[in-house]
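To keep things clear, I will list the structure first and then write my remarks on it.
The values are calculated or read from the model by the stated rules, or taken from the named source; none is laboratory data. What you are looking at is a predicted structure, and each value in this text was computed from that prediction instead of being measured. All Cβ positions, glycine included, derive from the backbone under ideal geometry; neighbour counts span all protein chains shown. All accessible areas refer to the heavy atoms of the entire protein, side chains included, with ligands and DNA or RNA removed. Shrake-Rupley method; radii C 1.70, N 1.55, O 1.52, S 1.80 Å.
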Amino acid sequence: MERKYGQRYVAFFRESKIFLLLNFFWVGIFLAIGLYAKTGGGDRGHSVGTLFADFFTDTYPLYGFFTNVSEVLWCIALTICSFTYAILASLSREAYLLKRFSFFSSLLLGLFVLDDIFRLTLILKVFIGIPKLVSYLIYGFLLVGYSISFRKFLLSTPYLLLLFSALLLVMSGISDLLPIPGKGTPAMLEDGTKLLAVLNICIFFWTVCLASIRRKLTSNGQSRQI
């Protein structure tokens, strides 16, 4: 029994070298950071500590709550597309369009996840001087190119959810660029519309990817019976 489990683990690691590489990569990063902190005194240790700090204040325990919800929804949508691509790729070499759609959807969603969580647009503006408008226009061109590339497939899906989400994201971007007075109103217009957009994006990819997997499994089952 132990030998069978050992063989399973060996086979898993042989087939999943990427997971080993990712683990070694992050272990190397943490070792380098730890060495940096140990060789530079308390200031470096404090700086490293901030990289792992979870923001929390007892005065405002719900600080950034809806922002965190948006980030979780982005990650869910990305996970759905990535998992769909992995399943379709493992089932057969067919379904090229579905695999291509889920793959490029994963790349696009991954870019949005990185931007939203790590504030790439803000970093580019503060440290490099690239205006937010330029970043938003780049995202807009990517979305247009994505829509054109998969226009025929998208027409067979509940694409109105994506159109509604795109409109909300445009409203969010405009609200971020305009000097709207107050605090609550700008937050609702920028982050509230973004949350609704990401929610509908999540629903869209859940629906489309689930239907794609079901169709593929059904077609595989029928082909085996034949």
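Averaging sequence separations of C-alpha pairs under 8 Å and six or more residues apart, then dividing by the length of the stretch 72-226, give the relative contact order as a whole percent.
30 percent
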How much accessible surface does residue 126 have with a 1.4 Å probe, in Å² rounded to 10?
-> 90 Å²
With springs only between Cα atoms under 10 Å, which of 38, 152, 132 fluctuates most in a Gaussian network model of the chain?
-> 38
Please work out how much accessible surface residue 139 shows to a 1.4 Å probe, ignoring ligands, DNA and RNA, in Å² rounded to 10.
-> 40 Å²
Count the lysine pairs in the chain whose Cα atoms lie under 23 Å apart, taking only pairs 8 or more positions apart in sequence or on different chains.
-> 10
Convert 25 °C to kelvin, take the viscosity as 0.890 mPa s, use the Kirkwood radius over C-alpha pairs of the chain as Rh, and evaluate the Stokes-Einstein diffusion coefficient in µm²/s, rounded to a whole number.
-> 116 µm²/s
When Rg is the radius of gyration of the Cα atoms in the stretch 28-151 and Rh is its Kirkwood radius, what does Rg/Rh come to?
-> 1.09
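Given a 1.4 Å probe and heavy atoms of the protein chains only, how would you sort 8, 100, 119, 14, largest accessible area at the top?
Order by accessible area, largest first: 14, 8, 119, 100.
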Given the candidates 143, 206, 156, the one whose Cα lies deepest towards the positive end of the charge dipole of the chain, counting +1 at each Lys or Arg C-beta and -1 at each Asp or Glu C-beta, is 156
